[in-house]
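A short write-up of the structure that comes next.
Every number here is computed from the coordinates shown, using simple stated rules; none is lab data. Here the structure is a predicted model, which means the values were calculated and not measured. Every residue, glycine among them, receives a Cβ derived from its backbone with ideal geometry; neighbour counts consider all protein chains shown.
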């Protein structure tokens, strides 16, 4: 992460509890190092144990990520940064519309049958990822289902995962008119 990127991210990070007098103790590692390690993992598609020695130990990076994920801080950081990008583009920070799309993906042999299926339309065995983006193409939500789940059925679960106000008309959800 460049210094300019870090300046933007740092100002969007939630304030640690110990700085606000809510208890706890200071982190043992720099947040910038931890976020760089997580970004490296995501960009490279590598496993946690494959974190290079330039970063903190893989188990510390994983514990940091898991704690932030479980507390909702990763989503909060993402939403704050998305709001800043939208404002820089002259838009309201909160989107008012979302675009849903899906993609069927072949599952590895190790994927349990309970979470995979067969997409008859695309003739793909595996899983399907359903995403919602705003009008700028910025990610709002992701839901992964078995490939046999129709787009219409998955669209019914997506509104709960996004900040967008949804129409519940059957036509909007792909149902009959």
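The separation of segment 28-70 from segment 80-101, counted between C-alpha centres, amounts to 27 Å. Each principal axis of the Cα cloud of segment 3-88 was evaluated for its coordinate range; sorted largest first, these ranges are 35, 34, 25 Å. Between helix 73-88 and the chain there is an angle of about 80 degrees, using the helix long axis and the longest principal axis of the Cα atoms. Axis angle, to the nearest 10 degrees, between helix 58-70 and the longest C-alpha principal axis of the chain: 60 degrees. A simple packing score, the average count of other Cβ atoms within 10 Å per residue, orders the peptides 9-21, 33-45 as 33-45, 9-21, with the highest score first. When Rg and the Kirkwood radius Rh are both evaluated on Cα atoms of the chain, their ratio Rg/Rh stands at 1.02.
If you wrap the tightest convex hull around every Cα atom of segment 87-133 and split its volume per residue, you get 123 Å³. Based on DSSP H segments of at least four residues, each scored -39500 (n - 2.57), the chain has a per-residue ellipticity at 222 nm of -10500 deg cm²/dmol. Between residue 3 and residue 42, residue separation times 0.36 nm minus the direct Cα-Cα distance comes to 12.0 nm. To the nearest 10 degrees, how steeply does helix 31-44 sit against the main Cα axis of the chain, on a 0 to 90 scale? Computed tilt is about 40 degrees.
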